[in-house]
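**Student:** Right, I'll just put the structure down here and ask away after.
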Ligand code: NOJ
């Protein structure tokens, strides 16, 4: 048994109140609509496909789904370039399908979050088209960020900002008379002009968009680029990298994390709160920030009581596989969020980063590099090491207090497609940086369609076998039907983790480090329920020595234990400790 001193150690994080709202400990599953399930056989996932597969998610044991964008879009950035925020792209279905999806999910007890993309529209959006037609100085142009260029003929961009996707952050337009004219800002692709959030039209329009979807029954929004809406007055030049992790902590950016964004989220929070039925916490609608912001204390500002409910913990995702940095991120995140009364929202994978089953098997895994894609010419991940660590990392994550997001396919231990043919690549990052010194292979490798049935064309993604990105042959081994009912499979592990987590309410528990087991290569903590009735010791072994366990019931292990019952490398165990006294 752990010593009394270990048990008496102070809490890092106190337990949540037992009647706290659903979202504080929710596990939310990200569906990337293009790649989850294809209903009509065109090789592109769609809403009818999603509806047929929803029971799989209630069986998995998640609380909610988040759908990446399904709106009308020219698809230059896989739908993050929205041309009409109030309709569904025909590739994905119709508004009636969206209504049916929301109803079907609710029927199964699943909440539905959708993606809101407020930093930019598509250049196909009616507002941008009107801005092009209306010319310089017009109210239409003022909804975006148009400026005259520098240089004698305005031939230089207004400042030196780069696009996050590579290349210049500005494009020059041809004025209605056919002459080269003003420039517009696009922090992402050329076809994603940034909106001017200082303009009341923009604010009013997004209030209306929120209401439109809330009225249709959605339970919340994941907010794209939540740290980018407000830009510094005068748009000063910037000398750092547009990618947050490449800059020292504490860097001030003229386009990221300006204080002005918080006013917008307070306004949205008031709108969402207007939909809460008094006395019914289940009716609460939520906002989750996609904000690449450091340090943790800056991120916590997005989840102050009158702002958003959740913010993805990207420091945890980007941390890599090393005990001390992980422990530091966990502690700093819990402490920063506790200060504002918010839960922490853990995440390991999404559609923008290398899947963690591959990322953690890369030679650079310890430092958390390679977030942005792996190509055939790059060092390849060790699949076995990656999967073992991924299972251990998820087993650690799902024992932490707070909420968590899962990315489709991670429950299968799905690896990244690291040898995707270049000709298949669609991510604008790849095309915008090709052949330059900022070359990036792009994010397609984590977006490959799901394998459902091993011995079927397209691994059961849809009725015809077509898939918009080619699947690697190895996906056959990861298909849902191969793993279903197999106790050692990653799918069974996720189902068990989610069931125990829910039963023992880990998301609401307290956290205390366990000093007896903690070391330079071991993470060890106790998650205790608010009433003190149950304590689970969680041990993640990132080192080479096996760890002998104290008395207790092993609830779950992310991989096989050694013959003597000790915990081998890259393994996490949940051990229920006997009651004290
Ligand atoms: C973040 C999204 O997750 C990513 O996929 C997208 O490309 C950018 N924002 C731009 O919308």
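**Student:** For segment 126-185, count all C-alpha to C-alpha pairs, find those more than 13 Å apart, and express that count as a whole percent of the total. Present the calculation step by step, with values, prior to reporting the outcome.
**Tutor:** Numbers: 1039 of 1770 pairs.
Pairs farther apart than 13 Å: 59 percent.
**Student:** Mind giving me the FRET efficiency for residue 455 and residue 282? R0 is 41 Å, r the Cβ-Cβ distance, nearest 0.05 is fine. Don't skip to the answer; put the middle values down first.
**Tutor:** Details: r = 42 Å, r/R0 = 1.01.
For residue 455 and residue 282, the calculated efficiency is 0.50.
**Student:** Over the Cα atoms of segment 21-162, compute the convex hull volume and normalise it per residue, giving Å³. Please report the intermediate quantities before stating the final value.
**Tutor:** Values: hull volume 22.6 nm³, N = 142.
In segment 21-162, the Cα hull volume divided by residue count equals 159 Å³.
**Student:** Let me ask you something else. Across all directions of projection, what mean area in square nanometres is found for the Cα convex hull of segment 111-223?
**Tutor:** Numbers: hull surface 31.2 nm².
Result: a mean projected hull area of 7.8 nm².
**Student:** Here's another thing I want to ask about it. When the convex hull of the Cα atoms of segment 334-487 is projected onto a plane and the area is averaged over all directions, what value comes out in nm²?
**Tutor:** Details: hull surface 44.9 nm².
Across all orientations, segment 334-487 yields a mean hull projection of 11.2 nm².
**Student:** Additional query: Using C-alpha positions alone, give me the convex hull volume of segment 401-539 per residue in cubic angstrom. Present the calculation step by step, with values, prior to reporting the outcome.
**Tutor:** On the way: hull volume 23.9 nm³, N = 139.
Here the figure is 172 Å³ per residue.
**Student:** Let me ask another. With the calculation restricted to Cα positions, what are the radius of gyration and Dmax of the chain in angstrom?
**Tutor:** Considering the chain through its Cα atoms, Rg and Dmax are 23.8, 85 Å.
**Student:** Here is a follow-up. At a 10 angstrom cut-off on C-beta neighbours, averaged per residue, how do the peptides 533-544, 256-267, 439-450 rank from highest to lowest?
**Tutor:** Working: 533-544: 20.4, 256-267: 17.1, 439-450: 23.7.
Put in order of decreasing packing, that is 439-450, 533-544, 256-267.
**Student:** Moving on to the next point. Calculate the length of the line joining the C-alpha centroid of segment 297-352 to that of segment 518-581, in whole Å.
**Tutor:** 23 Å
**Student:** Same structure, new question: Can you tell me the order of 26-34, 74-82 when each peptide is scored by its average per-residue count of other Cβ atoms within 10 angstrom, highest first? Please report the intermediate quantities before stating the final value.
**Tutor:** Working: 26-34: 24.8, 74-82: 22.0.
Sorting 26-34, 74-82 by mean packing, highest first, produces 26-34, 74-82.
**Student:** Under the rule of -39500 (n - 2.57) per DSSP H run of 4 or more residues, summed and divided by the residues of the chain, what mean residue ellipticity at 222 nm is obtained, to the nearest 500 deg cm²/dmol? Don't jump to the answer; show the numbers that get you there.
**Tutor:** Numbers: 14 runs with 139 residues, N = 581.
Calculated at 222 nm, the ellipticity per residue is -7000 deg cm²/dmol.
Readers should treat all values here as calculations from the given coordinates under stated rules, not as data from a laboratory. Note that the coordinates shown come from a computational prediction; the quantities given were computed from them, not determined experimentally. Here the Cβ is made from the backbone with ideal geometry for all residues, glycine too, and neighbour counts use every protein chain on show.
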